[in-house]
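A short worksheet on the structure shown next.
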């Protein structure tokens, strides 16, 4: 008794789905997660990786099966069957990708919103929608913020850092401490808000371990907020082609334990700032 083709198709679909889910949840291609945004992004990656695995195995398996099953036999010199259209098949292979793309789009938007992409700038430093021009008060001045991403965490204190991108370096300035550095130093567990602006061309601030990337645009200040969750040193990469030495535009973000960060602040403050009231010298 022959097995119905519909049952075979169903079984293959179940096997592919289980294989895709296993790969998505057990094969990790991402670097270590080091910010509060990373687990949210990783959830999206698992879904996309699972869907991609299902499609890859299904399409590759169908191609290999077709190459073997429908190969030209020895001595066969005739033409293939003249098959013209198959409406049910065309509906299926149009509907399934449409549903997958719609699901991925909606889920990606939800992840973007959960990562702070559609949050209010006035919500403890959380960011405004991309490309929407928002006016905020910063240091007594009216500052134009054109967009950003990230959340400031639990509503605690936020460490502000001014970031200047230029060919081919990132410069970090700490307004309260009057420290300027070629590396970004931040405390573990505290929200950090980067106010970023480019001096020449478009750059992009990207820390793979934080799962965050934000364009830095001339004349259009952008903001990136994150909360580091793992101490260590992580690469900062310019992810936007910005000139002939773009590949060398790299820096480092150093996540300190809180006590070590305070020690770094004290050791790098200018003498006049360190001695001023409200700035203990240790």
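Potential lengthening of the chain between residue 268 and residue 55 amounts to 71.4 nm, from the contour at 0.36 nm per residue minus the alpha-carbon distance.
Restricted to Cα atoms, the stretch 33-102 shows a radius of gyration and a Dmax of 19.7, 65 angstrom. Taking 0.36 nm per residue of separation and subtracting the current Cα-Cα distance, fully stretching the chain between residue 26 and residue 79 would add 14.4 nm.
Sorted on the mean count of surrounding Cβ atoms within 10 Å across their residues, most packed first, peptides 42-53, 96-107 read 42-53, 96-107.
Express in nm, to one decimal, how much length is gained between residue 231 and residue 201 on full extension, taking 0.36 nm for each residue of separation and deducting their alpha carbon distance.
7.6 nm
Zone of residue 245 (label point 7 Å along Cα→Cβ, backbone N under 19 Å): which residues in the stretch 158-185? Taking a point 7 Å out along Cα→Cβ of residue 245, the residues of the stretch 158-185 whose backbone N falls under 19 Å are 164-172, 181-184. Treating r as the C-beta distance of residue 252 and residue 18 and R0 as 41 Å, the FRET efficiency rounds to 0.50. Taking label points 7 Å from Cα along the Cα-to-Cβ direction, residue 167 and residue 67 give a separation of 4.6 nm.
Read-outs: derived from the displayed coordinates by stated rules, not from any lab. Please read all numbers here as calculations on a predicted model, not as lab measurements. In this analysis, Cβ positions are derived from the backbone assuming ideal geometry, glycine residues included, and neighbour counts consider all displayed protein chains.
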